[in-house]
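A quick write-up on the structure given underneath.
The values are calculated or read from the model by the stated rules, or taken from the named source; none is laboratory data. Predicted model, so just to flag it, every value in this text is computed and none were measured. Counting neighbours? That spans all protein chains shown, and the Cβs are built from the backbone with ideal geometry, glycine included. Accessible surface areas use protein heavy atoms only, side chains included; no ligands, DNA or RNA. Shrake-Rupley method; radii C 1.70, N 1.55, O 1.52, S 1.80 Å.
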Amino acid sequence: ARQAREVVKSHGVERAVFLCAGFRTGSTWLGGMLARNGIRDATKERFSSYATTLRRASLEEKLEYLSESIELAKCGPVFATKIMVPHRNAFARAFSLDGTAAGLNQVFGATSFIYLKRRDLIGQAVSFWRAKQSAQWHDADYKEGRKFPEYNFKQLKLALRELSSDNLNWEHFFGLSG
């Protein structure tokens, strides 16, 4: 955590804002609203690579990616990012954090959390399943002629289970954090 904190401080970041959400909650829309009100880049999922391509990277590579993420954000003293449960967990593992808000504070200093949860879990699961199957996560991803996947109850049930688990995980995270 100490080395990650040094990287963050070297970019002049004094505090962070994390938009904590599940997939398909409207977090991109909310991130856009935050951007229009002075909190830049809350629509970007800056830590998703810790869960994928950086999973087996060296500490130096992970620190370099953190530095590049902050540099790309051009954020000044406030670093903002959208973060999902798998990304948060992978980031915590990457820097040996305890996975609580206190752990993220060790890296980013004073951290604010905005938690977004969708009330309509069934609708969210259908949207999540369709996005995963079609690779259309945003309107900009739409390609003419792309067919939407055929109904698959088993996959929808898995999507619902994953989203429910993520909601419980966030609630546990905030419960531990006070």
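Accessible area per residue for the chain, computed on protein heavy atoms with a 1.4 Å probe, is 56 Å².
Would you mind checking the tilt of helix 121-134 against the longest principal axis of the Cα atoms of the chain, expressed as 0 to 90 degrees and rounded to 10? In the chain, helix 121-134 runs at an angle near 90 degrees to the longest axis. The long axis of helix 153-177 is offset from the longest Cα principal axis of the chain by roughly 30 degrees. A compact globular protein would have a Cα radius of gyration near 2.2 N^0.38 Å; the ratio found for segment 1-103 is 1.02. Taking Kirkwood radius over Cα pairs in Å as calculated from this structure, the corresponding entry among (1) 15.7; (2) 20.7; (3) 17.1 is (3).
Between the C-alpha center of segment 18-47 and that of segment 149-178 there is a gap of 19 Å.
Taking every lysine pair in the chain that is 8 or more places apart or spans two chains, those with Cα atoms closer than 17 Å amount to 10.
Sorting the Cα pairs of segment 105-178 by distance into bins of 5 Å, from 0 upward, gives 3, 13, 19, 17, 16, 12, 11, 6, 3, 1 percent per bin.
At a 1.4 Å probe radius, carbon and sulfur cover how many percent of the accessible area of segment 1-141? Present the calculation step by step, with values, prior to reporting the outcome.
Numbers: 3550 of 7130 Å².
Roughly 50 percent, rounded to a whole number.
Ordering PRO149, THR100, ALA90 by Cα displacement along the dipole of the chain toward the positive end leaves PRO149 in first place; charges were set at the Cβ atoms of Lys, Arg (+1) and Asp, Glu (-1). In the chain, the longest principal axis of the Cα atoms and the axis of helix 59-73 are about 80 degrees apart.
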